[in-house]
Amino acid sequence: MELRFYKYHGTGNDFVMIDNREAVFPKENRTIVASLCNRHFGIGADGLILLENDEKTDFKMVYYNADGNESTMCGNGGRCIVAFAKKLNIIDSKTVFNAIDGLHHAKIEDSIVSLQMIDVDEVKQIQDALFVDTGSPHHVKMVENLEAYPVYEEGKMIRNEVYGKEGSNVNFVEQINENSFRIRTYERGVEDETLACGTGVTAAAIAVHNTQKTDSDIIHMDVEGGKLQVHFKYIQGKYKNVVLSGPAEFVFQGTINI
């Protein structure tokens, strides 16, 4: 079977995108998903995303990690599928789409996509860090000298030993100034550090506000692959109208036999 694919990235967090509105992709075959994401023998990506028809919204997003397993929400993937939907002429500048964690509103202007994330009602203390669920589970730890920090080694340990088989994404954050931070993330499913993680950036922004590292409701985040921004409304201890913004860019398209 010849499969047409599109490659997108959001600040270096890259995805294989497939238009599956005709339901031709073999979704039950996790091996195919993993092989397409393989950087040596496939297209290469942090994840694979299917764009599908949805009865109530513009489209549905189905997200798979690079290991082939269907996963929870992906923020940068969500921003990339908005750009993909625009390229396919499904949407113009605004959209509402369905994902595993519910409905998402988004808008796109040039290459910048602003994606509304889920509200966050609870921030938990876990050891010397915080746990925040932003559609995907995230462990957020403040550190110093992030450049030299053993992100892979400690991230892998925390992902497995603290959170068990189900695991969690693990974020290490260093403050730059009043409302700017740098972040590096170990992602479960990829089982490695990625250049960016949208749900991780969102979780970290909420965590630094929750711990009073900043009182700003607009947080700038430097990721390994570029810059992202999170803004929200903090209302009676809850985070509402959470929006993740940044570039989502088309890289190339092609066909591959599966």
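The values are calculated or read from the model by the stated rules, or taken from the named source; none is laboratory data. Nothing here was measured: the structure is a model prediction, and the numbers come from that model. Virtual Cβ from ideal backbone geometry, glycine too; neighbours counted across all protein chains shown.
Some notes on this structure:
- Total residues in the range 125-141 satisfying the condition of being in a loop (DSSP other than H, G, I, E, B) and under 19 Å from residue 217 (Cβ atoms): the figure is 1.
- Extreme residue, farthest from residue 69 (Cα to Cα), among residues of the range 150-166 that are out of contact with any Pro (no Cβ under 8 Å at 6 or more places or on another chain) and surrounded by 17 or more Cβ atoms within 10 Å (Cβ to Cβ): 151
- Applying a threshold of 9 Å to beta carbon distances and a minimum spacing of six or more residues, or different chains, the list of pairs starting in the range 16-35 at a residue that is farther than 13 Å from residue 60 by Cβ and assigned by TED's automatic domain parsing to the domain that holds residue 62 and ending at one that is among the basic types (Lys, Arg) and assigned to a strand (DSSP E or B) reads 16/7; 17/7.
- Among the residues of the range 149-165, those that are in contact with a strand residue (DSSP E or B) (Cβ under 6 Å, 6 or more places away or on another chain) and not aliphatic (A, V, I, L, M) comprise 149, 152, 155, 159.
- Here 154, 122, 144 are screened, and the one residue that is in a helix (DSSP H, G or I) and over 23 Å from residue 39 (Cα atoms) is 154.
- Single condition residue 166 does not satisfy, out of (1) part of a loop (DSSP other than H, G, I, E, B); (2) farther than 19 Å from residue 221 by Cα; (3) touching a Gly at 6+ places or on another chain (Cβ under 9 Å): (3)
- Residue satisfying all of: in the range 224-258; of a type in the set (Ser, Thr, Tyr) and farther than 30 Å from residue 35 by Cβ; surrounded by the fewest Cβ atoms within 10 Å (Cβ to Cβ) among these: 234
Yes/no matrix, rows are residues, columns are (1) assigned by TED's automatic domain parsing to the domain that holds residue 13; (2) at pLDDT 95 or above; (3) part of a strand (DSSP E or B); (4) under 22 Å from residue 6 (Cβ atoms):
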| residue | (1), (2), (3), (4) |
| --- | --- |
| 190 | no, yes, no, yes |
| 193 | no, yes, yes, no |
| 201 | no, yes, no, no |
| 206 | no, yes, no, no |
| 209 | no, yes, no, no |
| 212 | no, yes, no, no |
| 216 | no, yes, no, no |
| 230 | no, yes, yes, no |
| 233 | no, yes, yes, no |
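- The range 62-118 - residue that is assigned to a loop (DSSP other than H, G, I, E, B) and without any contact (Cβ under 8 Å) to a residue 12 or more places away in the chain and, of those, surrounded by the most Cβ atoms within 10 Å (Cβ to Cβ): 92
- Among the residues of the range 9-26, those identified as within 24 Å of residue 198 (Cα to Cα) and in a loop (DSSP other than H, G, I, E, B) are 11, 12, 20.
- Scanning the range 169-188 for residues that are touching a Ser or Thr at 6+ places or on another chain (Cβ under 9 Å) and either among the aliphatic types (A, V, I, L, M) or not in a strand (DSSP E or B) (or both), we see that the one that is surrounded by the most Cβ atoms within 10 Å (Cβ to Cβ) is 170.
- Only one entry in 131, 97 is touching a Phe, Trp or Tyr at 6+ places or on another chain (Cβ under 8 Å) and of a type outside the set (A, V, I, L, M), namely 97.
- Qualifying residue in the range 21-40 (condition: closer than 21 Å to residue 135 by Cα and buried (at least 17 other Cβ atoms within 10 Å of the Cβ)): no
- Options 199, 185, 194: the member that is under 12 Å from the mean Cα position of the chain (by Cα) and under 26 Å from residue 235 (Cα atoms): 199
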